[in-house]
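**Student:** Below are the structure tokens for one structure; questions will follow.
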Amino acid sequence: MRFTSERRLDGGVLEREFTLGEIPGILWTPASAPAPLILLSPPPLGLRKTYARLVARARNSAADGFATATIELPGSGDRPRWPAAEQALADLRRAMEAGEPVNDEIIDALILPLVDKAVPEWQAALDALLSLPDIGGPVGYSGGVISIGTRLAVVEPRISAAVLFAGSFVPRAVFEEARQVTIPLHVLLQWDDEGNDRQAALDLFDAFGSKEKTLHANMGGHTGVPQFAGDAAGQFFARHLK
């Protein structure tokens, strides 16, 4: 891990950009250290486009005493183009614009390779982050793509609790993986999310094997998550990471 920039935000939050090999990322740490860590998974739009949302989440987490970190997803932002993923996304858009059902083959081609690439990168980032003196355990995970969070919850024992955002397509194989998840979960669902299969999100929640799992559903579209939903997610992490 190599830090490339550093600046101090309001409230004493330290923001440091870094690279991990070819992967860009950002780390935010509160004034009090060492702090528990929350991994903030971005949407596949690029860190630059989603920075305002990410830093807002990081500030809220810092106020609760948590460090947060994010990394650029494969094929997103300034990372090298990924032709297979671009083709899968084009097939998805073509089907949706034609009013055709989005079949399992399109969903698998779009999501499963992303999960296979992103999860080991998150684990490598976690290795590097936990070696820093101002980062401690335990570790939480927050965000989407929900299939990435599901896989991480299964294979990464250092993650103690997760807030998952329902709002992306879910491959068939991920439903089977969900049955292996045992950590506490807090799942956010926007009831009127125009790009999300609500029933698939409900079925995935039902499949999770966790004894403690909460579904927090609100009316509104994909970007209409109310502030109090974020507050509830913060309270969830406070219960499980402190």
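The values are calculated or read from the model by the stated rules, or taken from the named source; none is laboratory data. These figures come from a predicted structure and were not determined experimentally. Ideal geometry is used to build each Cβ from the backbone, glycine not excepted, and the neighbour counts take in all protein chains shown. Keep in mind that these areas ignore ligands, DNA and RNA; they rest on the heavy atoms of the full protein, side chains included. Shrake-Rupley method; radii C 1.70, N 1.55, O 1.52, S 1.80 Å.
**Student:** Go through Arg2, Arg48, Arg16, Arg7 for me and flag whichever is basic (Lys, Arg) and under 23 Å from Leu110 (Cα atoms). Step through it out loud before you land on a result.
**Tutor:** Details: Arg2 fails: under 23 Å from Leu110 (Cα atoms); Arg16 fails: under 23 Å from Leu110 (Cα atoms); Arg7 fails: under 23 Å from Leu110 (Cα atoms).
One residue alone meets the criteria, Arg48.
**Student:** Right, next: Quick one: in the range 176-202, of everything that is open to solvent by less than 40 Å² (accessible area, probe 1.4 Å) and more than 30 Å from Ile135 (Cβ to Cβ), which residue is modelled with the lowest pLDDT?
**Tutor:** Initial filter on the range 176-202 (open to solvent by less than 40 Å² (accessible area, probe 1.4 Å)): 177-178, 181, 183-190, 193, 195-196, 200-201.
Going one step further and asking which of them are more than 30 Å from Ile135 (Cβ to Cβ), we end up with 189-190, 193, 195-196, 200-201.
Values: Leu189: 88, Gln190: 82, Asp193: 76, Gly195: 71, Asn196: 74, Ala200: 89, Ala201: 90.
The qualifying residue modelled with the lowest pLDDT is Gly195.
**Student:** Next question, about the same structure. Taking the stated definitions as given, is Leu129 under 18 Å from Leu39 (Cα atoms) and either open to solvent by less than 10 Å² (accessible area, probe 1.4 Å) or of a type in the set (D, E, K, R) (or both)?
**Tutor:** Values: under 18 Å from Leu39 (Cα atoms): yes; either open to solvent by less than 10 Å² (accessible area, probe 1.4 Å) or of a type in the set (D, E, K, R) (or both): yes.
Answer is yes for this residue.
**Student:** Is it the case that the range 46-54 has a residue that's under 18 Å from Leu129 (Cβ atoms) and modelled with pLDDT of 90 or more?
**Tutor:** yes
**Student:** Related question: Answer yes or no as to whether Arg53 is open to solvent by 50 Å² or more (accessible area, probe 1.4 Å), in contact (Cβ under 8 Å) with a residue 12 or more places away in the chain, basic (Lys, Arg) and in a helix (DSSP H, G or I). Please lay out each step first, then the result.
**Tutor:** Numbers: open to solvent by 50 Å² or more (accessible area, probe 1.4 Å): yes; in contact (Cβ under 8 Å) with a residue 12 or more places away in the chain: no; basic (Lys, Arg): yes; in a helix (DSSP H, G or I): yes.
No, not satisfied.
Quick grid of which residues meet (1) open to solvent by 40 Å² or more (accessible area, probe 1.4 Å); (2) assigned to a loop (DSSP other than H, G, I, E, B); (3) touching a helix residue (DSSP H, G or I) at 6+ places or on another chain (Cβ under 8 Å):
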site: Ile148; (1), (2), (3): no, no, yes
site: Val154; (1), (2), (3): yes, no, yes
site: Ala162; (1), (2), (3): no, no, yes
site: Leu204; (1), (2), (3): no, no, yes
site: Phe228; (1), (2), (3): yes, no, no
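**Student:** Scan (1) surrounded by 20 or more Cβ atoms within 10 Å (Cβ to Cβ); (2) of a type outside the set (Val, Ile, Thr); (3) not in a loop (DSSP other than H, G, I, E, B) for the single condition Leu73 breaks and write down its number.
**Tutor:** The number of the failed condition is (3).
**Student:** Please tell me if Pro184 is in contact (Cβ under 8 Å) with a residue 40 or more places away in the chain and in contact with a Lys or Arg (Cβ under 9 Å, 6 or more places away or on another chain). First the steps, then the outcome.
**Tutor:** Working: in contact (Cβ under 8 Å) with a residue 40 or more places away in the chain: yes; in contact with a Lys or Arg (Cβ under 9 Å, 6 or more places away or on another chain): yes.
Answer is yes for this residue.
**Student:** How many residues does the range 30-50 hold that are part of a loop (DSSP other than H, G, I, E, B) and not polar (S, T, N, Q)? Before you say what the answer is, go through the steps one by one.
**Tutor:** Initially, the range 30-50 is screened for residues part of a loop (DSSP other than H, G, I, E, B), giving 30-34, 42-46.
Filter once more, so that each one left must be not polar (S, T, N, Q): 30-31, 33-34, 42-46.
Summing the residues that are part of a loop (DSSP other than H, G, I, E, B) and not polar (S, T, N, Q) in the range 30-50 gives 9.
Let's see how each residue does on (1) surrounded by 14 or more Cβ atoms within 10 Å (Cβ to Cβ); (2) closer than 27 Å to Asp231 by Cα; (3) in contact (Cβ under 8 Å) with a residue 40 or more places away in the chain:
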| position | (1), (2), (3) |
| --- | --- |
| Ser61 | yes, yes, yes |
| Glu97 | no, no, no |
| Ala109 | yes, no, no |
| Glu121 | yes, no, yes |
| Pro138 | yes, yes, yes |
| Ser142 | yes, yes, yes |
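Okay, residues lined up against (1) in contact with a Ser or Thr (Cβ under 9 Å, 6 or more places away or on another chain); (2) among the hydrophobic types (A, V, I, L, M, F, W, C):
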| residue | (1), (2) |
| --- | --- |
| Arg57 | yes, no |
| Ala62 | yes, yes |
| Ile71 | yes, yes |
| Pro74 | no, no |
| Arg79 | no, no |
| Glu86 | no, no |
| Arg93 | no, no |
| Gly99 | no, no |
